[in-house]
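Undergrad: Just passing along the structure, written as structure tokens.
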Amino acid sequence: MSHFLVAGGAGYIGSNFIKYLMDTSDHEVTLLDNLSTGRSEVVESLKGRYGSRIVFLKSDLGDPEKLHPYLHKRAVDGVFHFGAFSLVGESQYDPMKYYYNNVARTLSLLKIILEHEIRHFVFSSSAAVYGIPEKTPITEEAERKPINHYGKTKAMIEEVMEALSGREDLVYASLRYFNVAGTDEEMLVGECHDPETHLIPIAVKTALGLRDHLALFGTDYPTPDGTAVRDYIHVTDLCRAHWAAFEKIRKENEPLTVNLGSARGYSVREVLETVQRVTGSRFRILEEGRRPGDPPVLIASSEKAGKELGWKAERSLEEMVTSAWDWEKKRSEDGLL
Ligand SMILES: NC(=O)c1ccc[n+]([C@@H]2O[C@H](COP(=O)([O-])OP(=O)(O)OC[C@H]3O[C@@H](n4cnc5c(N)ncnc54)[C@H](O)[C@@H]3O)[C@@H](O)[C@H]2O)c1
């Protein structure tokens, strides 16, 4: 049995990862979160189900005053770092908020864990590091050319990890997620961003009648139906890849950078058709112009993930939409929306 630090564990992906780890192993975790975008109900749900296997440490992830004394007492075998701000638009008008939280706080976390000789570090990176790629499917060899401050914060941390892996013994896995969607089948935890900017939860909320209509940005892209094409990955597939990545870096002590996507593109129209079919709701879709900086097609190559991790995404778009729909219905029935 091992003990892991999960930074950002009260958020969407971090909480799904903790549930996955609890259900598939006997490991324990410290859930480290300042609840800036994460929710205390998530912590309560996880603690309610898994009890003392989860310790909640309410703290900023880069706070030495809290983390040093804690890590003096508690042996930790690795860190999964999900904690970040991730609204692209907000990063453009408030870059300091993003560089301070996503870069400065992560550097502080790295410094602290290395001082406690915790070397294995799994980092939530993003397809945003690629910016507008020249080729698709996008391989990990593509140049990092982020076009917004959010993507730049992820690229900066990748550069720092590369620098530290040689000199400071850091062994990292940088996992570049594409569009993450869905929730675990039991719906213990799920996606609750506020504001929500991701297509599937927005569409599902519109189907529930919580929004008047859905805005479709761009219908004249050079794609089969004119709408932008993106790669979606079910959060449970993503969680499985995190564990595979951790085991790989722990065994081989070599850094790893890998895309996590399904290697399959779905157009916005295909996603909306799937949501309308699954929910039985013909909600209003208003067509608008393209948003600046939105490339026509973003699809991951998942060859490297297959080769290095023996992993590939298994769950379909239909499963992502169905679980997102079940989750939002449950929240609505519980009076949480
Ligand atoms: N959701 C996606 O589709 C997607 C895609 C690519 C990358 N990512 C990355 O995955 C990670 C998780 O994303 P998410 O969708 O779960 O976001 P989220 O906002 O739901 O979760 C982030 C969590 O981190 C916590 N946090 C943020 N800054 C912190 C700090 N300084 N100290 C302590 N806790 C802090 C928040 O309170 C929250 O609980 C992020 O790093 C994000 O950039 C997400």
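Undergrad: Being under 17 Å from residue 250 (Cβ atoms) and part of a helix (DSSP H, G or I) is the filter here; which residues of region 165-187 pass it?
TA: Selection gives 165 alone.
Undergrad: Moving to a separate point now. Please list, ordered by first then second residue, the pairs with beta carbon atoms under 6 Å, 6 or more apart or interchain, first in region 140-155 and without any contact (Cβ under 8 Å) to a residue 40 or more places away in the chain, second assigned to a helix (DSSP H, G or I).
TA: Pairs that qualify, where the first residue is without any contact (Cβ under 8 Å) to a residue 40 or more places away in the chain and the partner is assigned to a helix (DSSP H, G or I), are 142/130; 144/129; 144/155; 146/128; 146/129; 146/152; 146/155; 155/129.
Undergrad: Scanning region 110-141 for residues that are farther than 24 Å from residue 179 by Cβ and in a loop (DSSP other than H, G, I, E, B), which turns out farthest from the ligand (Cβ to nearest atom)?
TA: 117
Undergrad: Just the residues that are of a type in the set (Ser, Thr, Tyr) and over 20 Å from the mean Cα position of the chain (by Cα), please, taken from region 133-181.
TA: Listed by number, the residues that qualify are 136, 165.
Undergrad: Answer yes or no as to whether residue 89 is among the small types (Gly, Ala, Ser) and surrounded by fewer than 22 Cβ atoms within 10 Å (Cβ to Cβ).
TA: Against the criterion (among the small types (Gly, Ala, Ser) and surrounded by fewer than 22 Cβ atoms within 10 Å (Cβ to Cβ)), residue 89 qualifies.
Undergrad: Have a look at 243, 325 and point out the one that is of a type outside the set (D, E, K, R), within 17 Å of residue 184 (Cβ to Cβ) and not assigned by TED's automatic domain parsing to the domain that holds residue 21. Spell out how you get there, then give the answer.
TA: Numbers: 243 fails: not assigned by TED's automatic domain parsing to the domain that holds residue 21.
Among 243, 325, only 325 is of a type outside the set (D, E, K, R), within 17 Å of residue 184 (Cβ to Cβ) and not assigned by TED's automatic domain parsing to the domain that holds residue 21.
Undergrad: A further question on this structure: Filter region 139-154 down to the residues that are within 14 Å of residue 175 (Cα to Cα) and in contact with a strand residue (DSSP E or B) (Cβ under 8 Å, 6 or more places away or on another chain) and list them by number.
TA: 139, 140, 151, 154
Undergrad: So which of 202, 233 is of a type in the set (A, V, I, L, M) and surrounded by fewer than 22 Cβ atoms within 10 Å (Cβ to Cβ)? Walk me through it before giving the result.
TA: Details: 233 fails: surrounded by fewer than 22 Cβ atoms within 10 Å (Cβ to Cβ).
Among 202, 233, only 202 is of a type in the set (A, V, I, L, M) and surrounded by fewer than 22 Cβ atoms within 10 Å (Cβ to Cβ).
Undergrad: Take region 67-98 and flag every residue that is more than 12 Å from the ligand (Cβ to nearest atom) and hydrophobic (A, V, I, L, M, F, W, C).
TA: Those that are more than 12 Å from the ligand (Cβ to nearest atom) and hydrophobic (A, V, I, L, M, F, W, C): 71, 75, 76, 79, 96.
Undergrad: Select from region 1-56 the residues that are in a strand (DSSP E or B), more than 13 Å from the ligand (Cβ to nearest atom) and of a type outside the set (Val, Ile, Thr) and write down the one among them that is surrounded by the most Cβ atoms within 10 Å (Cβ to Cβ).
TA: Here the residue is 4.
Undergrad: Quick test for you: out of 223, 274, 257, 236, pick the one residue that is of a type in the set (S, T, N, Q) and farther than 22 Å from residue 13 by Cβ. If you could, list the steps in order and put the result at the bottom.
TA: Working: 274 fails: farther than 22 Å from residue 13 by Cβ; 257 fails: farther than 22 Å from residue 13 by Cβ; 236 fails: farther than 22 Å from residue 13 by Cβ.
Step by step, each of 223, 274, 257, 236 is checked, and only 223 is of a type in the set (S, T, N, Q) and farther than 22 Å from residue 13 by Cβ.
Undergrad: Follow-up. Taking residue 101, is it closer than 26 Å to residue 320 by Cβ, assigned to a helix (DSSP H, G or I) and near the ligand (Cβ under 9 Å from one of its atoms)?
TA: Values: closer than 26 Å to residue 320 by Cβ: no; assigned to a helix (DSSP H, G or I): yes; near the ligand (Cβ under 9 Å from one of its atoms): yes.
Spelling it out, it is not the case that residue 101 is closer than 26 Å to residue 320 by Cβ, assigned to a helix (DSSP H, G or I) and near the ligand (Cβ under 9 Å from one of its atoms).
The values are calculated or read from the model by the stated rules, or taken from the named source; none is laboratory data. For clarity, every value in this text was computed on a predicted model and none was experimentally measured. Using ideal geometry, Cβ is built from the backbone for each residue, glycine included, and neighbour counts are taken over all protein chains shown.
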